[in-house]
1. Among residues other than Trp11 whose Cβ falls under 14 Å from its Cβ, what is the net charge (Lys/Arg +1, Asp/Glu -1)?
2. Relative contact order for the chain: what is it in percent, counting Cα pairs under 8 Å that are at least 6 residues apart?
3. Mind checking the per residue accessible area of the chain for me, 1.4 Å probe, whole number of Å²?
4. Using a/c under 1.5 as the rounded threshold, could you call the chain rounded, prolate or oblate? The axes a ≥ b ≥ c are square roots of the C-alpha gyration tensor eigenvalues, and prolate needs a/b larger than b/c, oblate otherwise.
5. Each residue of region 13-18 in turn: what ³J(HN,Hα) in whole Hz from Karplus with 6.51, -1.76, 1.60 and θ = phi - 60°, glycine and Pro shown as x?
6. Sum up the charges of everything whose Cβ sits under 15 Å from the Cβ of Ser28, counting Lys and Arg as +1 and Asp and Glu as -1, but leave Ser28 out.
7. What part of the accessible area of region 23-84, given as a whole %, is carbon or sulfur when the probe is 1.4 angstrom?
Amino acid sequence: MNWYVFTQELWSQQRLPPEKKYVLIQLSGRPEAGLPPSVVVGYLRYAAGDPNSPVFTTPGVAGGKVVAWSDCLPDDFSAPLWPGTN
């Protein structure tokens, strides 16, 4: 499994996952809010359809800055409690 570092400010110089494919995402956490660093499932999308505005979406309560991602989930990954993933 490969992890790819992600820095929002340098997005155009980095490898990105395919749009709307579920990937693992490492978050830095938010200690001030009691949220530790974590690994969550999410996906990349482009804000307002603008290819110059990549945004990682992480359903749920996880918080923190995206610091890395890994495309190790199968193409048919689903989560029964998430609408649209079944």
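1. On the way: positive: Arg15, Arg45, Lys65; negative: Glu9, Glu19, Asp50.
Once all neighbours under 14 Å are counted, the net charge is 0.
2. On the way: 150 pairs, mean separation 30.3, N = 86.
RCO, the chain: 35 percent.
3. Numbers: 5510 Å² over 86 residues.
So the chain comes to 64 Å² accessible per residue, rounded to a whole number.
4. Numbers: a/c = 1.40, a/b = 1.03, b/c = 1.37.
In terms of gyration-tensor shape, rounded.
5. Karplus-based 3J(HN,Hα) across region 13-18 equals 9, 10, 6, 10, x, x Hz.
6. Numbers: positive: Arg30, Lys65; negative: Glu9, Glu32.
Overall, the nearby charge balance is 0.
7. Values: 2070 of 3590 Å².
Answer for region 23-84 is 58 percent, counting heavy atoms of protein chains only.
The values are calculated or read from the model by the stated rules, or taken from the named source; none is laboratory data. These numbers were taken from a predicted model, which means no experiment stands behind them. FYI the Cβ positions are ideal-geometry reconstructions off the backbone, even for glycines, and counts take in every protein chain you see. Areas reflect the complete protein model, heavy atoms only, side chains present, ligands, DNA and RNA absent. Shrake-Rupley method; radii C 1.70, N 1.55, O 1.52, S 1.80 Å.
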